[in-house]
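The values are calculated or read from the model by the stated rules, or taken from the named source; none is laboratory data. Bear in mind that the values here come from a model prediction, so they are computed numbers and not experimental data. Every residue, glycine among them, receives a Cβ derived from its backbone with ideal geometry; neighbour counts consider all protein chains shown. For accessibility, only protein heavy atoms count, side chains too; no ligands or nucleic acids. Shrake-Rupley method; radii C 1.70, N 1.55, O 1.52, S 1.80 Å.
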Amino acid sequence: MKGTNLGEFEELVMLTIAALTTEAYSVAICDTLEKHAGRKVRLGVVHAVLNRLESKGYIKSTLGEPTNERGGKRKRFYLLTNTGKSALVRAREVREQLWNIIPDFVFKGLIG
Amino acid sequence: MKEQPTYRPPRWAERLLEWYCRPELLEDLQGDLIEYFNRNVQEKGIRAARLVFVVDVIKFFRPYTVKQPKISHPMHNLTVLRNYFKSAARSLGKNKLFSTINILGMAISMSVGLLLIAFVADLKHFDAFHAGYDRIYRVINTWREPGEEPGQFASTSILAGKRIRESAPGIEEAVIINRGFNRDLSVEGKKLPIKGLWASENFFRVFSFELLSGNPETALKTPYSIVLSETAARKLFNSADATGKTVDIDTTRYTVTGVVRDPPRNSHIQFEMLGSLITMDNRMQAAQDKHWLSWTNMWNNYVYLLLPEQGDPEAVQRQLQVIADQENKPGDKVTIDMHLQPLSKVVIGPSLSNELGFHIQELLILVLTGLAFVVIVSACFNYTNLSVARALRRSREVGIRKVVGASRGQVFLQFLVESVLIATLAVVFGYLMFLVIRPGFLGIDAHFSDHVTLRPALQTYLYFVLLAVGVGILAGIFPALFFSRIDPVKVIKDISQLKLFRHVNVRKVLITFQFALSICFMVAVGIGYKQYSYSLNFDLGFNTHNILNINMQGNSPELLKREVGELPEVTGISASMMIPSVGETYSATVKYQDPMDSTYLYFNNVDENYIPLHEHELIAGRNFRPAVADSTDDREIIVNEKTLQRFGLGSPLEAVGKELAIEGEKVQIIGVIRDFHHGKLDEPIRYFAFRRNPEQLRYLNLQIASADMPATVSRLQAAWKKIDAVHPFEARFYDEEIQRAYAELSAIIKIIGFLAFLAISIASLGLLGMVVFTTETRLKEISIRKVLGATEGRLIFLLSRGFLYLLIAAGAVAIPLTWLLFDRVLFADIVYRAPIGFIELFSGALAVIGIALLAISSQTIRVARANPAETLGRE
């Protein structure tokens with residue numbers, strides 16, 4: 001099933017969108033990702049990923065109301081689509097299944 | 001607490017983003033960048049924030065953000081284009097007056113452009129027929145001596161040519177030409193004057209003149225060889241088949257070793273025959289003539305180099321410098337430097353003395369191009385002005401187009417297509433005008449048509465088309481920009497919102513410019529003509545009226561004098577070496593007592609009748625005495641007052657009897673003459689002397705008292721025929737000679753006058769259009785004013801007032817500017833100048849303003865007289 005596979009960063013971005021609920025727009029996504037993932041996130045990268053996800057149909061976007069900030073430009077808010085949600089869930093399932101079959105001793109001492 | 005975002009990111013970066021980014025992505029992306037920008041302003045400062053913004057804008061240039069170029073169907077494009085043509089044609093037909101003004105104005109201006117293109121194309125074709133055109137260079141000389149401006153000469157010395165042939169590597173051929181070979185050739189009792197050049201044996205290896213018979217390698221190899229042009233051969237032998245025959249020059253027999261096709265019109269080297277240079281070389285060396293091979297004898301010789309393929313002109317140039325450094329001996333007063341000049345620069349190039357053939361100054365071409373360009377731009381202004389003025393009427397069309405889906409670019413293109421279409425129509429009319437003015441242009445200078453045809457080649461027509469497209473774009477770009485910016489919503493809702501009158505000032509400036517230009521040209525013509533007539537009527541300090549100068553062409557003065565003296569109309573005869581005051585000069589170095597103190601003395605050799613005949617005023621001493629038979633005593637000299645001052649010779653009376661040394665030879669002052677203008681008026685009076693050397697007399701000066709000059713001249717001609725059947729009679733009245741000396745000025749006045757006419761026509765057409773437009777849009781206002789009791793005069797004034805101010809402004813700018821230009825630049829070097837007066841400055845300007853007023857009043861009077869009931873009743 002080519003196309004439904006999520007890249008690691010894509011998954012992170014989608015999770016962030018989900019976490020931010022109705023306030024998910026590009027700059028906020030960047031900030032949140034930076035805070036939680038602890039790494040420098042470039043706007044250009046996020047923007048490109050958002051664009052790709054939207055074209056894959058995992059997320060959808062709407063323009064907000066114009067405000068005086070941002071030079072009067074509207075924000076583009078992102079929401080997960082159902083496809084997106086199910087893709088995330090599936091990704092998580094795959095991982096959990098894999099986690100489940102890992103024998104305990106592999107990570108012994110690492111996870112406490 | 002957020003600080004107000006007072007800082008903006010760089011505007012150009014924003015524009016760049018707007019330009020490349022897809023519209024659906026643009027807004028939020030812009031917003032994001034601005035948000036980061038504001039954040040960065042807080043954290044890192046404005047400079048860093050701006051830098052980051054710019055970097056980000058560039059980094060966002062990615063495949064998914066960039067607009068896809070629209071690829072529309074070719075048929076669709078064609079349909080759109082056809083629609084543009086259709087609406088352009090309709091708009092042309094709808095406004096016949098404006099269309100006529102536009103097309104006529106452009107056509108007028110373009111006729112000049114076409115003329116210039118044809119002219120330059122002709123000049124560029126010069127010498128291009130030589131196979132080695134790109135590899136041929138001419139050696140030109142710079143003559144330097146202390147205290148004088150360096151002189152640039154097209155000529156060089158024979159010695160330079162020989163040295164280059166011997167010792168400069170990197171040169172395929174070096175041909176030496178000497179121009180002193182105009183002789184009378186006799187064949188079987190027939191004698192004809194033929195103009196020719198001496199040329200070294202490799203002449204035909206460098207130049208591609210086509211030999212009809214004879215061997216190009218050997219034709220000029222042996223002494224006493226002559227190559228005749230086809231025409232010369234036919235004249236002498238009645239056939240072009242002359243190779244192997246002999247001709248006599250004086251008592252020497254030459255062999256015709258070849259016949260060459262006549263040099264084409266577009267060759268700067270022109271000749272009727274070529275003599276082998278070795279003839280001259282042997283003769284001069286046998287006579288041990290030191291002058292012939294002297295380094296400073298660089299007045300009559302030309303050296304052309306043919307470089308090998310991939311030759312290096314710079315290396316050759318260095319070689320020339322080495323030779324010059326060897327020849328310029330330390331301690332020499334005069335130094336000569338040699339430079340290479342590519343063949344393509346010979347005809348259109350820098351101004352050099354001693355040109356061998358046809359030459360046009362590069363500067364002249366530049367000036368003419370500049371003037372033509374200004375006239376064309378002026379015509380473009382008309383189009384721009386009228387289009388924008390009429391925007392009100394066409395903006396609805398644009399609005400509808402945009403609503404239906406035309407993009408900005410399409411509207412822009414539509415208006416450009418329209419203006420290019422008009423320009424193309426105009427170029428057709430312009431071409432017709434070009435055909436009409438062509439003979440006039442060729443007639444400006446007597447020798448012009450010998451070299452220039454102004455018959456465009458196929459390639460030149462391509463440039464004509466380019467001119468049309470260029471003019472169309474130049475004229476249409478501003479209206480196209482203007483219309484493409486129109487907001488359809490505003491135009492359709494309420495047309496008065498259109499910011500039309502923002503451009504009013506631009507239009508005013510354009511009109512003022514056009515009239516200032518016209519006035520400049522007119523004033524220039526006035527000032528130029530004044531100087532011209534001033535030069536012709538200038539009191540030179542001697543009499544030139546009714547004096548006919550006959551070129552004796554080597555005939556005996558005594559014989560000629562006897563012959564022409566028999567005519568009763570000839571009241572006096574004198575003889576001279578040259579004709580002063582028309583630009584010709586002869587000079588020699590002169591010293592008084594101090595052997596280190598020398599200067600140039602300009603002189604003329606004359607006989608004893610010359611001074612009284614020309615009514616020169618002898619202020620001390622005596623005239624020359626009639627020559628005693630067989631006496632060649634030329635130790636007597638009559639100098640002018642300037643010379644006395646130069647050497648401190650005291651009063652004229654004291655000076656008589658003192659001795660000067662000319663070129664080392666002692667001469668005695670026997671008389672002093674009142675200063676007169678022996679040069680042209682752009683030069684000051686210098687040290688001048690009359691000498692007598694009967695050997696060197698070349699002209700007869702006849703004082704003529706006749707009621708019927710043409711009859712007298714033809715009788716003189718008959719007298720000439722009796723003595724010399726070979727050479728045609730060459731005579732000119734002194735006043736005519738002076739006129740010819742200033743022919744250049746007169747040619748320039750004609751050209752400027754013509755441009756003035758064009759500029760005025762264009763400006764007046766444009767003004768007419770603007771007046772028509774203004775009066776039409778104010779028709780209702782005028783009618784209401786009239787109903788309320790305004791008089792016709794008052795209304796005319798009201799309508800014309802605005803334009804009047806523009807005209808006055810144009811005059812106020814143009815008059816002082818032109819005056820300054822002439823006073824400080826153009827005529828700055830002329831020593832004797834006609835004072836620039838009120839009349840020259842203002843009559844031209846008044847004429848222009850008068851014509852403009854005519855254009856204005858023709859419309860305003862009509863409108864002011866219109867019956868208000870009719871205008872208002874139409875509503």
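Compute, for A:Phe77, the solvent-accessible surface of its heavy atoms (probe 1.4 Å) with the complete set of protein chains present, and express it in square angstrom to the nearest 10.
40 Å²
Find the relative contact order for region B:133-357 and round it to a whole percent, using C-alpha pairs within less than 8 Å whose residues are 6+ positions apart.
Once normalised by length, the contact order is 36 percent.
Cα-Cα over 26 Å: which of B:Lys561/B:Lys591; B:Lys162/B:Lys666; B:Lys402/B:Lys780; A:Lys73/B:Lys490; A:Lys40/A:Lys108; B:Lys290/B:Lys329?
Distance filter (> 26 Å) returns B:Lys561/B:Lys591; B:Lys162/B:Lys666; B:Lys402/B:Lys780; A:Lys40/A:Lys108.
Dimensions of region B:171-256 along principal axes (Cα, Å, largest first)?
45, 24, 19
Can you list residues from other chains, or at least 5 along the same chain, whose modelled amide H is less than 5 Å from the amide H of B:Asn605?
The answer is B:Met577, B:Met578, B:Arg691.
Need one number for region B:673-734: average projected area of the convex hull over its C-alpha atoms, nm².
Its average projected convex-hull area is 6.8 nm².
Please work out how much accessible surface B:Leu804 shows to a 1.4 Å probe, ignoring ligands, DNA and RNA, in Å² rounded to 10.
Around 50 Å² of this residue is reachable by solvent.
Of all the Cα-Cα pairs you can form in region A:8-102, what percent are over 19 Å apart?
The answer is 44 percent, as a whole percent.
Taking the alpha carbon gyration tensor of region B:397-464, what are the square roots of 5 times its eigenvalues, largest first, to the nearest whole Å?
43, 12, 7
Probe 1.4 Å, all protein chains in place: accessible area of B:Trp292 in Å², nearest 10?
Probe radius 1.4 Å; accessible area of B:Trp292 about 20 Å².
Rank these residues by their accessible area, most exposed first, probe 1.4 Å: B:Trp19, B:Trp12, B:Trp295.
B:Trp19, B:Trp12, B:Trp295
Compactness ratio of region B:460-563: Cα Rg over 2.2 N^0.38 Å, N = residue count?
The reported ratio for this selection is 2.39.
Taking the Cβ of B:Met298 as the center, what net charge do the other residues with Cβ under 12 Å away carry, scoring Lys and Arg +1 and Asp and Glu -1?
-2
DSSP loop (so not H, G, I, E, B), at most 13 other Cβ within 10 Å: list which GluC sites (Glu not before Pro) in region B:300-374 pass both filters.
Within region B:300-374, the qualifying GluC sites (Glu not before Pro) (loop, at most 13 other Cβ atoms within 10 Å) are B:Glu309.
From the Cα trace of region B:11-59, what convex hull volume per residue do you get, rounded to a whole Å³?
60 Å³
Under a Cβ-Cβ cut-off of 11 Å, what is the net charge of the residues other than B:Thr860 that fall near it, where Lys and Arg count +1 and Asp and Glu count -1?
In short, +3.
Could you pull out every whole DSSP H run in chain B that spans at least 27 Å of Cα extent along its own axis and averages -0.5 or higher on the Kyte-Doolittle scale?
B:74-94, B:96-124, B:362-389, B:408-442, B:458-484, B:504-537, B:743-777, B:792-820, B:838-865
Tell me: how much accessible area in total is hidden between B and A, 1.4 Å probe, Å², nearest 100?
Separately minus together, B and A give about 1800 Å² buried.
Normalised by the residues of chain B, what does the relative contact order come to in percent, with Cα pairs under 8 Å and at least six apart?
13 percent
Where does chain B land on Rg(C-alpha)/(2.2 N^0.38 Å)?
1.26
Ordered by packing density, taken as the mean number of other Cβ atoms within 10 Å over each peptide's residues, highest first, how do B:202-208, A:103-109, B:105-111, A:78-84 rank?
Per-residue mean Cβ counts within 10 Å order the peptides as B:105-111, B:202-208, A:78-84, A:103-109.
Tell me which of B:His451, B:Gly554, B:Val713 sits at the most positive position along the dipole axis of chain B, charges placed on C-beta atoms (Lys, Arg +1; Asp, Glu -1).
Working it through, the farthest residue towards the positive pole turns out to be B:His451.
Relative to the Cα centre, what is the charge dipole magnitude of region A:8-102, using +1 at the beta carbon of each Lys and Arg, -1 at the beta carbon of each Asp and Glu, and rounding to the nearest 20 debye?
240 debye
Amide H of B:Leu567 versus every other amide H placed in the peptide plane: which residues, excluding those fewer than 5 positions away on the same chain, fall under 5 Å?
Residues meeting the criterion, in which the H sits 1.01 Å from N, do not exist here.
Convex hull over the alpha-carbon atoms of region B:599-673: what's its volume per residue in Å³?
91 Å³
In Å³ and rounded to a whole number, note down the convex hull volume per residue for the Cα atoms of region B:717-875.
Hull volume normalised by residue count: 193 Å³.
When only the heavy atoms of the protein chains count and the probe is 1.4 Å, how do B:Arg265, B:Arg562 rank by accessible area, highest first?
B:Arg562, B:Arg265
Order B:Arg163, B:Arg138, B:Arg801 by their accessible area, 1.4 angstrom probe, all chains in place, largest first.
B:Arg801, B:Arg163, B:Arg138
If eta is 1.002 mPa s and T is 20 °C, what Stokes-Einstein diffusion coefficient results for region B:538-644, Kirkwood Rh from Cα pairs, in µm²/s?
This corresponds to a translational diffusion coefficient of 133 µm²/s.
Relative to the compact globular guide of 2.2 N^0.38 Å, what is the alpha carbon radius of gyration of region B:105-155, as a ratio?
Dividing the Cα radius of gyration by 2.2 N^0.38 Å gives 1.90.
For region B:612-621, what does the Karplus curve 6.51 cos²θ - 1.76 cosθ + 1.60, with θ = phi - 60°, yield as ³J(HN,Hα) per residue in whole Hz, taken in order and with x for Gly and Pro?
x, 5, 8, 6, 6, 8, 8, 9, 7, x
Mind listing the Cα extents of region B:133-357 along all three principal axes, in Å, largest one first?
Result for region B:133-357: principal-axis Cα extents of 54, 40, 29 Å.
So how compact is the protein assembly as shown: Cα radius of gyration and Dmax in angstrom?
Spelled out, the Cα radius of gyration and Dmax of the protein assembly as shown are 42.0, 144 Å.
Tell me which residues come under 5 Å, amide H to amide H, from B:Ser155 once H is placed; ignore anything under 5 positions away on its chain.
Here the answer is B:Asn141, since their amide H atoms fall under 5 Å of that of B:Ser155.
Using only the Cα atoms, work out Rg/Rh for region B:547-735, with Rh taken as the Kirkwood radius, to two decimals.
Here Rg/Rh amounts to 1.00.
So what is the relative contact order of region A:8-102, in percent, for Cα pairs below 8 Å that sit 6 or more residues apart?
Relative contact order here is 28 percent.
Please report, in debye to the nearest 20, how large the charge dipole of chain B is about its Cα centre when each Lys and Arg carries +1 at its beta carbon and each Asp and Glu carries -1 there.
5540 debye
Using only DSSP helix segments of four residues or longer, with each worth -39500 (n - 2.57), what per-residue ellipticity at 222 nm results for the protein assembly as shown after dividing by its residue count and rounding to 500?
-17000 deg cm²/dmol
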